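These notes are about the structure you will find just below.
The values are calculated or read from the model by the stated rules, or taken from the named source; none is laboratory data. For clarity, every value in this text was computed on a predicted model and none was experimentally measured. Cβ: placed from backbone, ideal geometry, glycine included. Neighbour counts: every protein chain shown.
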Amino acid sequence: MSVVVGYDGSQVAAQAVRFAADEARQRGVPLEVIAAWDAPTVDLGMGSGSVVDPQLADAVAQRAVEVAAEGAGLVEGDVRSSAVPGPAAAALVDASHGADLVVVGSHGRHGMADLLLGGVSRQVAAHSACPVIVVRREAVQFHRVAVGIDGSPQSPRALDFAFEYASLRGWALRVVHAWDVAVIGFDADTSGYPRGGILDDVRDAETRLSSEVLAGHVDRYPDVDLDVSVQRGGAAKILVETSHDCDLLVTGSRGRGGFSALLLGSVSHKVLHHAACNVAVVP
(Lines give C-alpha, C1' and ligand atoms only; values in the text may rest on other atoms or scores of the structure.)
Protein backbone atom coordinates (compact mmCIF):
# COMPACT_ATOMS: atom_id res chain seq x y z
CA MET A 1 0.00 0.00 0.00
CA SER A 2 1.05 3.61 -0.43
CA VAL A 3 0.08 7.26 -0.37
CA VAL A 4 -0.61 8.55 -3.90
CA VAL A 5 -0.37 12.21 -4.87
CA GLY A 6 -0.91 14.05 -8.14
CA TYR A 7 1.57 16.67 -9.34
CA ASP A 8 1.32 19.08 -12.27
CA GLY A 9 4.12 21.52 -11.48
CA SER A 10 1.85 24.13 -9.88
CA GLN A 11 2.43 25.65 -6.46
CA VAL A 12 -0.81 24.11 -5.19
CA ALA A 13 0.38 20.68 -6.36
CA ALA A 14 3.76 21.17 -4.66
CA GLN A 15 1.89 21.90 -1.43
CA ALA A 16 -0.07 18.66 -1.90
CA VAL A 17 3.16 16.70 -2.50
CA ARG A 18 4.72 18.00 0.71
CA PHE A 19 1.53 17.16 2.61
CA ALA A 20 1.43 13.67 1.06
CA ALA A 21 5.11 13.08 1.87
CA ASP A 22 4.40 13.79 5.53
CA GLU A 23 1.38 11.45 5.41
CA ALA A 24 3.54 8.66 3.96
CA ARG A 25 6.20 9.22 6.63
CA GLN A 26 3.59 9.15 9.40
CA ARG A 27 2.06 5.93 8.05
CA GLY A 28 5.36 4.25 7.24
CA VAL A 29 4.41 3.56 3.61
CA PRO A 30 5.94 4.62 0.26
CA LEU A 31 4.88 7.78 -1.54
CA GLU A 32 3.78 7.43 -5.15
CA VAL A 33 3.84 10.60 -7.23
CA ILE A 34 1.86 10.68 -10.46
CA ALA A 35 2.40 13.35 -13.07
CA ALA A 36 -0.31 12.82 -15.67
CA TRP A 37 -0.32 14.69 -18.95
CA ASP A 38 -3.30 14.83 -21.25
CA ALA A 39 -2.08 16.85 -24.22
CA PRO A 40 -4.11 17.55 -27.34
CA THR A 41 -2.88 16.02 -30.56
CA VAL A 42 -2.16 17.98 -33.71
CA ASP A 43 -2.08 16.87 -37.32
CA LEU A 44 1.14 18.00 -38.99
CA GLY A 45 0.33 16.34 -42.28
CA MET A 46 2.23 13.21 -41.36
CA GLY A 47 -0.18 11.83 -38.82
CA SER A 48 -1.21 13.21 -35.47
CA GLY A 49 1.09 13.48 -32.49
CA SER A 50 1.21 14.83 -28.96
CA VAL A 51 2.34 18.41 -28.40
CA VAL A 52 3.91 17.49 -25.05
CA ASP A 53 7.37 15.96 -24.84
CA PRO A 54 7.22 12.83 -22.64
CA GLN A 55 10.66 13.72 -21.33
CA LEU A 56 9.21 16.95 -19.97
CA ALA A 57 6.52 14.98 -18.14
CA ASP A 58 9.24 12.74 -16.67
CA ALA A 59 11.12 15.84 -15.52
CA VAL A 60 7.96 17.13 -13.82
CA ALA A 61 7.55 13.80 -12.00
CA GLN A 62 11.19 13.89 -10.90
CA ARG A 63 10.76 17.41 -9.59
CA ALA A 64 7.89 16.14 -7.44
CA VAL A 65 10.24 13.59 -5.90
CA GLU A 66 12.62 16.41 -5.00
CA VAL A 67 9.77 18.40 -3.46
CA ALA A 68 8.78 15.37 -1.36
CA ALA A 69 12.36 14.91 -0.16
CA GLU A 70 12.63 18.57 0.76
CA GLY A 71 9.29 18.62 2.56
CA ALA A 72 9.39 15.46 4.67
CA GLY A 73 12.95 14.20 4.37
CA LEU A 74 11.96 11.08 2.45
CA VAL A 75 14.87 9.25 0.86
CA GLU A 76 14.88 8.08 -2.74
CA GLY A 77 13.71 4.57 -1.91
CA ASP A 78 10.62 5.93 -0.14
CA VAL A 79 9.30 7.73 -3.24
CA ARG A 80 8.16 6.39 -6.59
CA SER A 81 7.29 8.67 -9.48
CA SER A 82 5.73 8.11 -12.86
CA ALA A 83 4.60 10.21 -15.81
CA VAL A 84 1.31 8.82 -17.08
CA PRO A 85 -0.25 9.83 -20.39
CA GLY A 86 -3.95 10.58 -20.14
CA PRO A 87 -6.33 12.52 -17.88
CA ALA A 88 -4.95 13.17 -14.40
CA ALA A 89 -8.20 12.23 -12.64
CA ALA A 90 -8.34 8.84 -14.38
CA ALA A 91 -4.71 8.10 -13.50
CA LEU A 92 -5.24 8.95 -9.82
CA VAL A 93 -8.49 7.00 -9.56
CA ASP A 94 -6.78 3.99 -11.13
CA ALA A 95 -3.92 4.26 -8.63
CA SER A 96 -6.38 4.54 -5.74
CA HIS A 97 -7.22 0.84 -6.02
CA GLY A 98 -3.84 -0.08 -4.53
CA ALA A 99 -3.43 2.86 -2.15
CA ASP A 100 -4.18 3.74 1.46
CA LEU A 101 -4.77 7.37 0.60
CA VAL A 102 -4.86 9.74 -2.39
CA VAL A 103 -3.84 13.37 -1.93
CA VAL A 104 -4.72 16.16 -4.36
CA GLY A 105 -4.45 19.94 -4.34
CA SER A 106 -7.62 22.01 -4.17
CA HIS A 107 -7.05 23.06 -7.77
CA GLY A 108 -4.39 22.68 -10.43
CA ARG A 109 -2.79 24.98 -12.93
CA HIS A 110 -6.15 26.23 -14.11
CA GLY A 111 -7.64 26.83 -10.64
CA MET A 112 -9.51 30.12 -10.30
CA ALA A 113 -9.83 30.57 -6.55
CA ASP A 114 -9.40 28.72 -3.28
CA LEU A 115 -13.16 28.38 -2.87
CA LEU A 116 -13.62 26.69 -6.24
CA LEU A 117 -12.62 23.07 -6.35
CA GLY A 118 -10.62 22.02 -9.36
CA GLY A 119 -12.09 19.52 -11.80
CA VAL A 120 -9.44 16.88 -11.10
CA SER A 121 -9.89 17.13 -7.33
CA ARG A 122 -13.66 16.88 -7.64
CA GLN A 123 -13.51 13.83 -9.93
CA VAL A 124 -10.96 12.01 -7.78
CA ALA A 125 -12.97 12.64 -4.61
CA ALA A 126 -16.09 11.28 -6.32
CA HIS A 127 -14.58 8.15 -7.86
CA SER A 128 -11.60 7.09 -5.70
CA ALA A 129 -11.57 3.59 -4.24
CA CYS A 130 -9.78 4.82 -1.10
CA PRO A 131 -9.98 7.96 1.07
CA VAL A 132 -8.98 11.23 -0.59
CA ILE A 133 -7.58 14.33 1.11
CA VAL A 134 -8.01 17.62 -0.72
CA VAL A 135 -5.28 19.96 0.54
CA ARG A 136 -6.03 23.64 1.06
CA ARG A 137 -3.25 24.43 3.50
CA GLU A 138 -0.14 22.76 4.89
CA ALA A 139 0.26 24.50 8.23
CA VAL A 140 -1.20 22.79 11.30
CA GLN A 141 -3.07 25.36 13.38
CA PHE A 142 -5.53 23.64 15.71
CA HIS A 143 -4.39 20.00 16.07
CA ARG A 144 -7.99 18.92 15.64
CA VAL A 145 -9.89 16.63 13.27
CA ALA A 146 -13.63 16.96 12.75
CA VAL A 147 -15.92 14.34 11.23
CA GLY A 148 -19.53 14.54 10.15
CA ILE A 149 -21.82 11.56 10.75
CA ASP A 150 -25.47 10.93 9.92
CA GLY A 151 -26.13 7.24 10.39
CA SER A 152 -25.46 6.36 6.75
CA PRO A 153 -23.36 3.30 5.80
CA GLN A 154 -20.42 5.68 5.22
CA SER A 155 -20.49 7.01 8.80
CA PRO A 156 -18.58 4.12 10.44
CA ARG A 157 -15.89 4.28 7.73
CA ALA A 158 -15.57 8.05 8.11
CA LEU A 159 -15.30 7.59 11.87
CA ASP A 160 -12.64 4.89 11.45
CA PHE A 161 -10.57 7.25 9.31
CA ALA A 162 -11.04 10.22 11.65
CA PHE A 163 -10.22 8.31 14.85
CA GLU A 164 -7.14 6.70 13.28
CA TYR A 165 -5.96 10.04 11.90
CA ALA A 166 -6.39 11.79 15.26
CA SER A 167 -4.77 8.95 17.21
CA LEU A 168 -1.76 8.77 14.89
CA ARG A 169 -1.03 12.47 15.37
CA GLY A 170 -2.17 12.97 18.95
CA TRP A 171 -4.89 15.40 17.84
CA ALA A 172 -8.33 16.02 19.30
CA LEU A 173 -11.43 14.79 17.48
CA ARG A 174 -14.77 16.54 17.14
CA VAL A 175 -17.70 14.40 15.99
CA VAL A 176 -20.50 16.47 14.48
CA HIS A 177 -23.99 15.07 13.97
CA ALA A 178 -26.21 17.59 12.21
CA TRP A 179 -29.93 16.92 11.90
CA ASP A 180 -32.97 18.79 10.72
CA VAL A 181 -36.67 18.20 10.26
CA ALA A 182 -39.44 20.09 8.50
CA VAL A 183 -42.30 20.90 10.84
CA ILE A 184 -45.56 21.82 9.16
CA GLY A 185 -47.02 25.02 10.52
CA PHE A 186 -43.79 26.39 11.98
CA ASP A 187 -41.23 28.67 10.42
CA ALA A 188 -37.46 28.13 10.48
CA ASP A 189 -37.26 29.60 13.99
CA THR A 190 -38.80 26.90 16.17
CA SER A 191 -37.54 28.32 19.46
CA GLY A 192 -41.13 28.67 20.61
CA TYR A 193 -42.03 25.07 19.86
CA PRO A 194 -43.25 23.34 23.06
CA ARG A 195 -40.73 21.10 24.78
CA GLY A 196 -41.56 17.44 24.66
CA GLY A 197 -42.84 17.83 21.10
CA ILE A 198 -41.63 16.31 17.85
CA LEU A 199 -38.42 18.34 17.72
CA ASP A 200 -37.27 17.02 21.09
CA ASP A 201 -38.21 13.50 20.05
CA VAL A 202 -36.21 13.76 16.85
CA ARG A 203 -33.26 15.36 18.63
CA ASP A 204 -33.22 12.58 21.23
CA ALA A 205 -33.41 9.94 18.49
CA GLU A 206 -30.51 11.54 16.62
CA THR A 207 -28.48 11.71 19.83
CA ARG A 208 -29.06 8.00 20.41
CA LEU A 209 -28.06 7.35 16.81
CA SER A 210 -24.77 9.18 17.36
CA SER A 211 -24.07 7.04 20.42
CA GLU A 212 -24.79 3.87 18.46
CA VAL A 213 -22.52 4.90 15.58
CA LEU A 214 -19.72 5.81 18.02
CA ALA A 215 -19.99 2.53 19.90
CA GLY A 216 -16.70 0.66 19.77
CA HIS A 217 -14.63 3.54 18.42
CA VAL A 218 -14.20 5.12 21.85
CA ASP A 219 -12.97 1.81 23.31
CA ARG A 220 -10.51 1.25 20.44
CA TYR A 221 -9.06 4.76 20.66
CA PRO A 222 -8.98 5.72 24.37
CA ASP A 223 -6.12 8.13 23.68
CA VAL A 224 -8.24 10.42 21.48
CA ASP A 225 -9.65 13.55 23.13
CA LEU A 226 -13.26 13.33 21.92
CA ASP A 227 -15.92 16.02 21.65
CA VAL A 228 -19.39 15.08 20.34
CA SER A 229 -21.73 17.77 19.05
CA VAL A 230 -25.34 17.08 18.01
CA GLN A 231 -26.74 20.15 16.27
CA ARG A 232 -29.94 20.99 14.49
CA GLY A 233 -29.45 22.58 11.08
CA GLY A 234 -28.18 21.95 7.59
CA ALA A 235 -25.28 19.49 7.67
CA ALA A 236 -23.19 21.27 5.03
CA LYS A 237 -23.53 24.66 6.72
CA ILE A 238 -22.64 23.28 10.15
CA LEU A 239 -19.64 21.33 8.84
CA VAL A 240 -18.30 24.33 6.92
CA GLU A 241 -18.60 26.42 10.09
CA THR A 242 -16.80 23.66 12.02
CA SER A 243 -13.95 23.67 9.49
CA HIS A 244 -12.78 27.11 10.61
CA ASP A 245 -11.14 25.76 13.77
CA CYS A 246 -9.98 22.35 12.52
CA ASP A 247 -7.06 21.11 10.44
CA LEU A 248 -8.95 18.28 8.73
CA LEU A 249 -12.65 17.77 8.10
CA VAL A 250 -13.72 14.18 7.32
CA THR A 251 -16.92 13.32 5.49
CA GLY A 252 -18.40 10.29 3.78
CA SER A 253 -18.72 10.34 0.03
CA ARG A 254 -22.48 10.42 0.40
CA GLY A 255 -24.99 10.43 3.24
CA ARG A 256 -28.42 9.03 3.94
CA GLY A 257 -29.83 10.30 0.68
CA GLY A 258 -26.99 8.97 -1.49
CA PHE A 259 -27.98 6.85 -4.48
CA SER A 260 -24.70 6.06 -6.21
CA ALA A 261 -21.19 5.33 -4.98
CA LEU A 262 -19.86 7.13 -8.04
CA LEU A 263 -21.48 10.45 -7.20
CA LEU A 264 -20.59 12.75 -4.33
CA GLY A 265 -23.44 13.50 -1.97
CA SER A 266 -24.66 17.08 -1.80
CA VAL A 267 -23.16 17.64 1.66
CA SER A 268 -19.73 16.30 0.62
CA HIS A 269 -19.86 18.41 -2.54
CA LYS A 270 -20.60 21.62 -0.62
CA VAL A 271 -18.01 20.87 2.04
CA LEU A 272 -15.33 20.27 -0.59
CA HIS A 273 -16.07 23.61 -2.21
CA HIS A 274 -16.38 25.78 0.89
CA ALA A 275 -14.47 24.25 3.84
CA ALA A 276 -11.74 26.42 5.32
CA CYS A 277 -9.45 23.46 6.06
CA ASN A 278 -8.25 20.29 4.35
CA VAL A 279 -11.04 17.83 3.59
CA ALA A 280 -10.98 14.02 3.60
CA VAL A 281 -13.66 12.17 1.63
CA VAL A 282 -14.11 8.53 2.66
CA PRO A 283 -15.90 6.19 0.22
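A few notes on this one:
- Just so you know, in segment 94-109 the residues that are at pLDDT 85 or above and surrounded by fewer than 19 Cβ atoms within 10 Å (Cβ to Cβ) include one that is nearest to Tyr7 (Cα to Cα), and it is Asp94.
- Asp189 being at pLDDT 90 or above, over 22 Å from Pro131 (Cα atoms) and either surrounded by 12 or more Cβ atoms within 10 Å (Cβ to Cβ) or not aromatic (Phe, Trp, Tyr) (or both): no
- Residue ID - modelled with the lowest pLDDT, chosen from residues in segment 3-14 that are under 16 Å from Val124 (Cα atoms) and small (Gly, Ala, Ser): Ala13
- Filter result (of a type in the set (S, T, N, Q) and in contact with a helix residue (DSSP H, G or I) (Cβ under 6 Å, 6 or more places away or on another chain)) within segment 148-177: Ser155
- In segment 154-180, the qualifying residues are those that are in contact with a strand residue (DSSP E or B) (Cβ under 8 Å, 6 or more places away or on another chain) and part of a loop (DSSP other than H, G, I, E, B), and the one that is surrounded by the most Cβ atoms within 10 Å (Cβ to Cβ) is Trp171.
- Leading residue by the ranking (modelled with the lowest pLDDT) among those in segment 139-151 that are of a type outside the set (D, E, K, R) and within 17 Å of Gln231 (Cβ to Cβ): Gly151
- Segment 233-276, residues that are modelled with pLDDT under 95, of a type outside the set (Ser, Thr, Tyr) and under 19 Å from Glu164 (Cα atoms): Gly252
- Selection count where residues are in a helix (DSSP H, G or I) and either among the hydrophobic types (A, V, I, L, M, F, W, C) or at pLDDT below 75 (or both), scope segment 15-53: 6
- Checking each residue in segment 136-162 for being of a type in the set (Val, Ile, Thr) and closer than 19 Å to Ala16 by Cα picks out Val140, Val145.
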